[in-house]
Amino acid sequence: MQRPIGVTITAILMVVNIFADLLLSLLSSTAVVPNANSHGPTFSLYVVALHIALVAMIAVQGVVVVFYWLGRSWARWFVVVGCLFYLMGLKDLAAQWHQHHHANAGLTIGSASLAVYLLWYLHTGRILHWFARSTMAVSAAPPVTGE
């Protein structure tokens with residue numbers, strides 16, 4: 001069974017969302033904190049550690065998107081759970097808007113919109129069937145040997 005075009009499009013949109021999230025995070029003013037002992041901002045070790053964790057999370061998200069695109073059922077479930085987290089981010093929308101973080105608010109709205117669509121799309125019969133068949137095809141394939 002051929003991959004549905006919606007899976008490819010949503011995978012591309014997820015990658016765009018990941019990169020936008022990363023870009024906004026790295027460009028935010030929270031990456032640097034003022035240091036009273038120097039003439040400019042310096043990196044806080046705590047904030048650097050948070051950004052390292054962010055990069056690790058982005059790598060995991062990238063792996064999940066690749067396996068989602070390949071049709072693995074477990075990746076579909078990770079995407080569904082991720083959608084719920086993006087929807088929980090709507091609670092910060094009013095604060096983002098009032099603090100003039102319009103790019104962050106736009107990303108929150110875009111992420112939530114994609115999440116709502118994915119929650120519907122990933123539970124349609126055709127897509128559930130495709131993920132089930134793709135996962136079964138991988139498990140039924142003979143092991144690859146080096147000979």
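The values are calculated or read from the model by the stated rules, or taken from the named source; none is laboratory data. This is a predicted model, so every value here is computed, not measured. Cβ placement follows ideal geometry from the backbone for every residue including glycine, while neighbour counts extend to all protein chains displayed. These accessible areas exclude ligands, DNA and RNA; they are computed on the full protein's heavy atoms, side chains included. Shrake-Rupley method; radii C 1.70, N 1.55, O 1.52, S 1.80 Å.
Brief remarks on what is shown
- Count - residues of the range 91-111 that are open to solvent by less than 80 Å² (accessible area, probe 1.4 Å) and not in a helix (DSSP H, G or I): 0
- The selection criterion, being touching a residue at least 40 places away in the same chain (Cβ under 8 Å), buried (at least 18 other Cβ atoms within 10 Å of the Cβ) and either under 14 Å from Ala11 (Cβ atoms) or not hydroxyl-bearing (Ser, Thr, Tyr) (or both), does not hold for Leu70.
- Residues (without any contact (Cβ under 8 Å) to a residue 24 or more places away in the chain and more than 18 Å from Leu22 (Cβ to Cβ)) located in the range 82-101: Met88, Leu90, Lys91, Leu93, Ala94, Ala95, Trp97, His98, Gln99, His100
- Per the listing Val55, Val64, the residue uniquely in a helix (DSSP H, G or I), at pLDDT 80 or above, surrounded by fewer than 17 Cβ atoms within 10 Å (Cβ to Cβ) and out of contact with any strand residue (DSSP E or B) (no Cβ under 6 Å at 6 or more places or on another chain) is Val55.
- Selection from the range 114-141 of residues that are exposed (fewer than 14 other Cβ atoms within 10 Å of the Cβ) and within 25 Å of Leu87 (Cα to Cα): Val116, Trp120, His123, Thr124, Gly125, Arg126, Leu128
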